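This report concerns only the one structure given below.
FYI, it's all coordinate maths here, none of it is from the lab. Predicted model only: the values in this text are computed from it and were never measured. Using ideal geometry, Cβ is built from the backbone for each residue, glycine included, and neighbour counts are taken over all protein chains shown.
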Amino acid sequence: MFGAVANVPTNSPHLRKSGSRPVFSDPGSAELGSGAEEGFFHLVEGNEMKGASTPLSTAAIMPSPLFLWRFKVLLFFIWVFSCCKFGWDSVMRMSVDLRDLFLYEAFLYYNPLLLVTMTVWLWGVNLWVFSQSTVNYAKIFDLDQSHLTHREIWKCATWMTIIVPTSMTAYIYLYSHGEVSLAASQPVVLLYTAIALVLIFPFDIFYLSSRYFLLKTFWRIVLPLQAISFCDFFLADILTSMAKVFSDLERSVCRMLHRQVATIAWFEADSVCGSHSVAIPLVLVLPYLFRFFQCLRQYKDTGEKTTLLNAWTSIYRPLWLLSSVLNSLYSFYWDVTRDWDLSAFTRIFKFSKPSLLSNLLHGRRWVYLWVIVSNLVLRCTWTYKLSAHLRHNYLTVFTITALEIFRRFQWIFFRVENEWNKMNAKSNIQMSLTDASEEDKLLGSNERNV
């Protein structure tokens, strides 16, 4: 009868798999469709067996995260060893007289990029600490949802850490092996050109929104024609700590434009790119001039007289001896009382979720003592770099500049925390005023009803 269950023998090709639905068929049409059904069932079984084996093969192909991490560490150590080996062998090929001059020149080209790489790494640490705490740094800097987190910052710093020393090793290797023209053009000029192109690249790659935000902030610092935001002040303060970096950048670009790379023509003090060039003090003073005009703009907007005193210290900073000492002491006073606000020290490093870092830093008196004392010492040390006898002692100048960047790194924690406290206090005041106005309205309406 129609709809009855077909009696299928054990060796029938229509035998269904275990767990599948029973097969119903018409006895009259069973023989006609037997060939097609046999092919269909074989196809289904083959596909199911393939699907069952796919996850196993994928899992067997993909390496474990631990293996990938170890492989990356191995590649890193191979890269470090290769750079050190090629660099040392190349330096040893030079004569003793030429070695010091060449190392000074090579260090001048790559010193700014190394310090910028260090700054990017430390900025990533700042963002990581803020992400673990109650500080909403995205709101403070008025960032959009696509802003870079500490992971993206560290990724950029990692690539910079790889590219800059590799280019430096290639420069030393080519120069020591007689390829002076290649050393003068490829590692140095191409690296600087590539960095400039990446910053101004107009297409939506390499974090376009973040690059645009950075360039727009630089433009507002150079021309403070609008009200000064916290981000403008913040970046301008960081630029003052990197004045020596900009000076070395200017000297490097000058030698590239005048074809003095991998030569000793620049060593003459009166040459166009020599140590007596008027461009050196001009570039050194530029960050402080930007800060000076910012303070004047803030005085115009707020009328605070303390901003005029801060403006005076900003423009007077590049002068030597008495002005440098007075400026260091006043800058230290401004850091502790205005930028950090000692009254906010009870909330510094207050983390939303307990961690090793929060238990180590929150409420510890030594943290604040260390920051205050080290800030004073490094403020005074920073002015020592302006001494004329340190001009060619590049290792000492590099160390002092790196210490200043570290001082600015720890300054960022307290400066951003203080700004966050001010924003919270302002929002609380606005909420209390709003609640008071609503209560007054309710009382007024009740009085009219009575």
Original post:
What does the convex hull of the alpha-carbon atoms of the range 156-228 project to on average, in nm²?
Top reply: 6.5
Original post:
For residue 147 and residue 73, FRET efficiency with R0 = 35 Å and r from the beta-carbon atoms, rounded to 0.05?
Top reply: 0.75
Original post:
Between residue 198 and residue 258, 0.36 nm times their residue separation minus their Cα-Cα distance comes to what?
Top reply: 19.2 nm
Subject >> Kirkwood hydrodynamic radius (C-alpha pairs) into Stokes-Einstein, the range 195-258, 37 °C and 0.692 mPa s, D in µm²/s >> reply: 242
Original post:
Residue separation times 0.36 nm, minus the C-alpha to C-alpha distance between residue 95 and residue 429: what's the value?
Top reply: 113.2 nm
Original post:
With each label point set 7 Å from Cα along the Cα-Cβ vector, what nm distance links residue 136 and residue 373?
Top reply: 3.8
**OP:** Just the number, please: Stokes-Einstein D of the range 78-144 in µm²/s, Kirkwood Rh from C-alpha pairs, 25 °C, 0.890 mPa s.
**Re:** 158
**OP:** For residue 190 paired with residue 366, estimate the spin-label separation in nm (one decimal), with each label point 7 Å from Cα along the Cα-to-Cβ line.
**Re:** 5.0
**OP:** Report, please, the projected area of the range 129-179 averaged over directions, based on the convex hull of its C-alpha atoms, in nm².
**Re:** 5.1
Original post:
What is the extension gain from residue 393 to residue 337, computed as 0.36 nm multiplied by their sequence separation minus the C-alpha to C-alpha distance, in nm to one decimal?
Top reply: 16.7 nm
